1. Using the count of nearby Cβ atoms within 10 Å as a rough guide to exposure, how do Val499, Val183, Val157 rank from fewest to most?
2. I'd like the orientation of helix 411-423 relative to the chain: the angle between its Cα long axis and the longest Cα principal axis, in ° from 0 to 90, rounded to 10.
3. Using amide H atoms built 1.01 Å from N in the peptide plane, name the residues 5+ places from Val238, or on other chains, whose amide H lies under 5 Å from its own.
4. Rounded, prolate or oblate: which one fits region 276-404, using the alpha carbon gyration tensor with axes a ≥ b ≥ c (rounded when a/c is under 1.5, else prolate when a/b beats b/c, else oblate)?
5. Please figure out what share of the DSSP beta bridges in region 417-507 is antiparallel and state it in percent, rounded to the nearest 5.
6. Relative contact order of the chain, please, whole-number percent, based on alpha carbon pairs below 8 angstrom and at least 6 residues apart.
7. Take each of the peptides 424-433, 372-381, average the number of other beta-carbon atoms within 10 Å over its residues, and list them starting from the highest.
8. Rounded if a/c is under 1.5, else prolate if a/b is larger than b/c, else oblate: which is region 246-290, with a ≥ b ≥ c the root eigenvalues of its Cα gyration tensor?
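Nothing in this text is a laboratory measurement; each read-out follows from the coordinates by a stated rule. Quantities reported herein were computed from a predicted structural model and do not represent experimental measurements. Cβ sites come from the backbone with ideal geometry, for glycine too, and all protein chains shown count toward neighbours.
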Amino acid sequence: MFAQQYEKYEGNNEGWSINANFGPTLFYGDIKQYRIVPLWSSYNNEMQEAGGLIVAKQLFPFLDLRAQVLAGYVAGTKLSMHQYFTAGFLDYNLNFKLDISELFKPEDQRIMTYYAYAGVGMIYFRTKKFSSPSNEMIAAYGYNSQGTLTKGTSEGVVPFGIGADYKVNYNISMNIDYSRRVVNSDKLDATVGKAKHDMYDYISLGITYHFRGPKDSDHDGVPDKTDKCPDTPMGVSVDQDGCPTDKDKDGIADYLDKCPNTPGLVQFSGCPDTDGDGIQDSEDKCPNVKGLAQFNGCPDTDGDGIEDSKDSCKDEKGIAEFSGCPDTDGDGIPDKRDRCPKVKGLAQFKGCPDTDGDGIPDIDDKCPQVAGLAINFGCPAVKKEVLKIFEKALTGIQFETGKDVIKKTSNSILDEVVKAMIENPSYNLEINGHTDNVGDAQKNMVLSQKRADAVKKYLTDKTVDAARIKSTGFGSTVPVADNATPAGKAKNRRVEFKVVFQKIELE
């Protein structure tokens, strides 16, 4: 930024200026009254006057090199010692002036400038010291008696200060300045004391003339002959063509742009609407996601009237009661806590129903249509007499060796099974066929299926509904005894009956 301004500056301006200033001095040293005396008082002889010239060359927009000459007087009084001195001096130095305002805002945008400076130089002085105890002299506070005049002395001096500069017009400015000047000795008041360095303050008013280049009507630093926007308002930052700057290149000049560093839209005075939802980013709670005005620019993805930031289920339509989450079956339990979200149920069963009212929710009830016992997973207990029949059937049903033909000796026990099924219409039956491990395993699997099917056919021929029966062969895969003994093999060759209460799913 500074390099660009400096380049522009050199095209319009030689960078030289001269300043004349005038103001009072105030001494600090061994001979010093250190009390407040009104400026108009006849006793105030410590405040003297000085004036000077400054020639400056601008090195950068924020830095000047200055040569300063200051001539004047300093004086001091110490009533307790009946001492008074006055000294004429010539102070000449080089210093660097730092334009503090330039670091924050370019010159073409400022009327008032604030600066600080420091440097080194020399001071030449001659001091006249008075010392008399006369009451008349003390009362007069002027010491009219003759004093001792020292010879001319030169010492090093370090000036530093601050000031403010007001731009009157293109070439002229006025300034108020305060500086302190530290002398590298204790000789200025011709008295050696505790102070190792005498010093004095200089407060001045000044006027500066700047040697400017070609005419610049709008004072933007660009000559009228090359200024494409010669009527730019005072103080507005401009580019190399003299037109208002547009840092973000959005077609809106920075001084009219409320968001000059971010491309924006005219309707929002240059501020952006990143997500394009018609709500400018500064007022948009969700500036990177397209949203709705009613939610200050935040979205409602599932359209349930609850903004996403407050919606625990933002991809599913829900209700406010459950923070935007759904209750599909309307049972007062949100789906995410509902074990049966699509079937209306009870809170005590986490949203699942209990159709048969046995205290076991349908999802865990293997007999949901028939009241049962928890120990039987919701199914009722099978009658003891029926269980005895099925127990007899384990060994009572016999087949021709290696075949699926039921021996006639088995008919009596099968007829008892038929009678139990007819008398208990809620029973459904699973018939499971098993073999020992003799022979080929695959053939045993086929044989066990055929034998289970043969038993099913016997029952259905006796009027038991086929829809209530399912037959399955397991071959030798589920033994109940050791196949190493004849007795064990006999137990493994069996047909098992299992009562179920749910509907039989037939393949």
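1. Values: Val499 20, Val183 24, Val157 27.
In order of increasing Cβ crowding within 10 Å: Val499, Val183, Val157.
2. Helix 411-423 sits roughly 50 degrees off the main axis of the chain.
3. The answer is Thr245.
4. Working: a/c = 7.33, a/b = 3.33, b/c = 2.21.
Because a/c hits 1.5 or more and a/b exceeds b/c, region 276-404 counts as prolate.
5. Values: 7 of 12 bridges.
Taking every DSSP beta bridge within region 417-507, about 60 percent pair in antiparallel fashion.
6. Details: 1141 pairs, mean separation 39.9, N = 507.
About 8 percent, as a whole number.
7. Working: 424-433: 18.1, 372-381: 16.1.
Per-residue Cβ counts within 10 Å, averaged per peptide and sorted highest first, yield 424-433, 372-381.
8. Details: a/c = 2.41, a/b = 2.27, b/c = 1.06.
Prolate, because a/c is 1.5 or more and a/b exceeds b/c.
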